Amino acid sequence: EDQVTQSPEALRLQEGESSSLNCSYTVSGLRGLFWYRQDPGKGPEFLFTLYSAGEEKEKERLKATLTKKESFLHITAPKPEDSATYLCAVQAHGGATNKLIFGTGTLLAVQP
Amino acid sequence: NAGVTQTPKFQVLKTGQSMTLQCAQDMNHNSMYWYRQDPGMGLRLIYYSASEGTTDKGEVPNGYNVSRLNKREFSLRLESAAPSQTSVYFCASSDRLDSSYEQYFGPGTRLTVT
C-alpha cells in the first residue's frame, strides 16, 4: 500500500538554527514527490516537485532533496516567517489519476 | 488572477441538513479535486474531475456528491450531513490529470456538523 510518513511531527527552532524535515515514502513507482507549505487557516501552498532520486530544488532558505526512499526539506538559517506546517505528498505511476497521497505534516515553529 | 476560490469559508450544519460547497478556478486548469483534512489524517481525496463533464470517486466518497458545472467550477454536495463530516474541505486544481503537474489549493471551507 502506498504510504507517506513525515517526521518529526513538530519541530521548534531558534531563528538561524538550520534543520531538516523528513518524508519517507512507500510507493509502487514514484511519478513525483511534492512539498507544500500550509499556514494556519489557509490552503496548502505549492513549494517543489521532485521526480527522481538525486534531484534537488531550492527556494530561498528551503532546499528539497530526494532519494529512492525519502525526501528531505532542509531549512537554512530559518526566520520566524518560515513557521508553518510542511506537507509532503507522492504520486504513483500506474494510476489513471493525479492522485496525491499526503503525509500528516511537520509543524515548524521558528522562535526569534 | 484569484487562483482557486471557495465559498463559504465557514459553515455550521445540524445533522441531516444539506449544503453545497462551491469552488472555482481561473487558471484554465482541466482537472479539479475535493479533499478533506482532519487532524492526524492528512489530506484525503473525496472526488475528482479529470475534465469538464467527468467525475470519479476518490478515497472517501461516501456521503458526498459532486458536479463539474463547467471548466471553472466544481461543487461538492452533502445531502444529509453527519457529525463525521465535520472537517476542513479544500478544493484544488491542476493542469492535467495524467501527469505530475502540481495541484493548487483554495483557502478551504471549515464545516462543523452538530
> Looking only at strands (runs of 3 or more DSSP E) that fall completely inside region A:52-112, which ones have 2 or more residues that are within 11 Å of another protein chain (Cβ to nearest Cβ)?
Replying inline: A:84-92
> Does region B:99-107 contain at least one residue that is assigned to a strand (DSSP E or B) and more than 8 Å from every other protein chain (Cβ to nearest Cβ)?
Replying inline: no
>> Can you list residue pairs whose Cβ atoms sit under 8 Å apart, with the first residue in region A:40-69 being over 26 Å from B:Val4 (Cα atoms) and the second being among the hydrophobic types (A, V, I, L, M, F, W, C) and part of a loop (DSSP other than H, G, I, E, B)? Count only pairs 6 or more apart in sequence or on different chains.
In response: A:Arg61/A:Ala77; A:Leu66/A:Ala53; A:Thr67/A:Ala53; A:Lys68/A:Ala53
> Considering only residues of region B:64-83 that are among the small types (Gly, Ala, Ser) and in contact (Cβ under 8 Å) with a residue 24 or more places away in the chain, which is nearest to the other protein chains (Cβ to nearest Cβ)?
Replying inline: B:Ser75
>> For a quick check of your reading of the model, give me the residue pairs whose first member lies in region A:20-35 and is surrounded by 15 or more Cβ atoms within 10 Å (Cβ to Cβ), whose second is at pLDDT below 90 and small (Gly, Ala, Ser), with beta-carbon atoms closer than 7 Å and at least 6 apart or on different chains.
In response: A:Val27/A:Ala92; A:Leu30/A:Ala92; A:Arg31/A:Ala92; A:Arg31/B:Ser100; A:Gly32/B:Ser100
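For region B:39-79, please list each of the strands (runs of 3 or more DSSP E) lying entirely inside it that holds at least 1 residues being touching a Pro at 6+ places or on another chain (Cβ under 8 Å) and modelled with pLDDT of 95 or more.
Strands (runs of 3 or more DSSP E) meeting the threshold: B:42-49.
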>> Quick check on my filter: what residues within region B:14-25 are within 19 Å of B:Ser67 (Cβ to Cβ) and either out of contact with any Ser or Thr (no Cβ under 7 Å at 6 or more places or on another chain) or polar (S, T, N, Q) (or both)?
In response: B:Gln17, B:Ser18, B:Met19, B:Thr20, B:Gln22, B:Gln25
>> Return the residues of region A:55-96 that are among the β-branched types (Val, Ile, Thr) and under 21 Å from B:Met41 (Cβ atoms); say none if nothing qualifies.
In response: A:Thr85, A:Val90
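The values are calculated or read from the model by the stated rules, or taken from the named source; none is laboratory data. Keep in mind that this is a model prediction, so the values were computed, not measured. Note that each Cβ is placed from the backbone with ideal geometry, even for glycine, and that neighbours are counted across all protein chains shown.
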